[in-house]
1. Loop by DSSP (not H, G, I, E, B), at most 16 other beta-carbon atoms within 10 Å: where is the longest site-free stretch of the chain for GluC sites (Glu not before Pro)?
2. Enumerate the amide H contacts of LEU149 below 5 Å, restricted to partners 5 or more residues apart or on another chain; note that Pro and chain-start residues carry no placed amide H.
3. With springs only between Cα atoms under 10 Å apart, run a GNM on the chain and tell me which of SER282, SER268, SER119 wobbles the most.
4. Let me check the size of the chain from its C-alpha atoms; what are the radius of gyration and Dmax in Å?
5. Mind giving me the FRET efficiency for SER268 and ALA55? R0 is 41 Å, r the Cβ-Cβ distance, nearest 0.05 is fine.
6. Say R0 is 25 Å: what FRET efficiency, to the nearest 0.05, do ARG69 and LEU114 get from their beta-carbon distance?
7. May I ask you to list the residues of segment 30-50 whose amide nitrogen lies under 17 Å from a point 7 Å from Cα along the Cα→beta-carbon direction of ASP195?
8. Taking amide hydrogens as modeled 1.01 Å from N in the peptide plane, which residues meet the under 5 Å criterion relative to VAL29, leaving out close sequence neighbours?
Amino acid sequence: MIVAEGLTKRFGDKTAVDDVSFTVHPGKVTGFLGPNGAGKSTTMRMIVGLDRPTAGTVTVGGGAYRTLRSPLTEVGVLLDAKAVHTGRTAREHLRAMAATHGIGRDRVNEVIELTGIGSVAGKRAGKFSLGMGQRLGIAAALLGDPHTLILDEPVNGLDPEGVRWVRQFVRHLASEGRTVLLSSHLMSEMSQTADHVIVLGRGKVLADAPLAEIVRAWTRASLVVRSPRLAELAQAVAGPDVVVTPLDPGAAEITGITAAVVGDLAASLGIPVHELTPRSGSLEDAYLALTGESVEYKTKEIA
């Protein structure tokens, strides 16, 4: 379990993390989301003792990370896949890490095969592609078979097979009762992986709830309706809470009304309906609604 209480970090006059409190429970995958500059990386660095909090506390398994007697066997961490000696081979890098904790070579070989880097384990890490570097970083995080796993953007640079493997593997670890904190900007992937979501914006917690609950609270279900008499149908369903948004000729997205009501109205008026497809909100929709006012680095919209 990871517990943060009143966690704050200031760099000069800038507050990167502002009075953040949350609990990451074992047995589930917790997604850690937020725009660039939201404070996610700083928070994860404080969890593992790389940054000292200005105020507040954070514990892993009941104690501060710096007090752990055998960190690799208790907490697996991937914050920067490039944090390797570029002149060492992947196998040498993992063996050097293993030696600090008395971990045998069999375990090194096991994580090499587990992460799919067996064919390049004898090559220098500095020559690795982004995806291979990520796999090596994940192997290092898994080396001590830890109970807690903290992964920052673990699927960055991975091919589809690698992305699916990470998704399935972290869910398997959580099913074993382990604590998993996973940061990613890929909302579609996070929606398939996370059970619970913590969202940061400008250093503050914007949401901390089960994924399904966040989607329900921050999105509206809609219908895609297609009809050759769409204008008539739109007029029939009009109401104070109903919004009709044209998509293309003969099609529209409608919110504020159920498919059953639209279908019954169309039938009663003899209006043909060629499509009536319910659409539920997505994690991406919820995330954008949550963080819309907290994006520090805004891009210019394309007209």
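1. 1-175
2. Placed amide hydrogens put GLY76, THR179, VAL180, LEU181 under 5 Å from LEU149.
3. SER268
4. 23.8, 77
5. Details: r = 63 Å, r/R0 = 1.54.
The value I calculate is 0.05.
6. 0.50
7. Within reach of a label on ASP195: 30-32.
8. Result for VAL29 returns ASP195, HIS196.
FYI, it's all coordinate maths here, none of it is from the lab. Quick caveat: nothing in here was measured; it's all calculated off a predicted structure. Cβ sites come from the backbone with ideal geometry, for glycine too, and all protein chains shown count toward neighbours.
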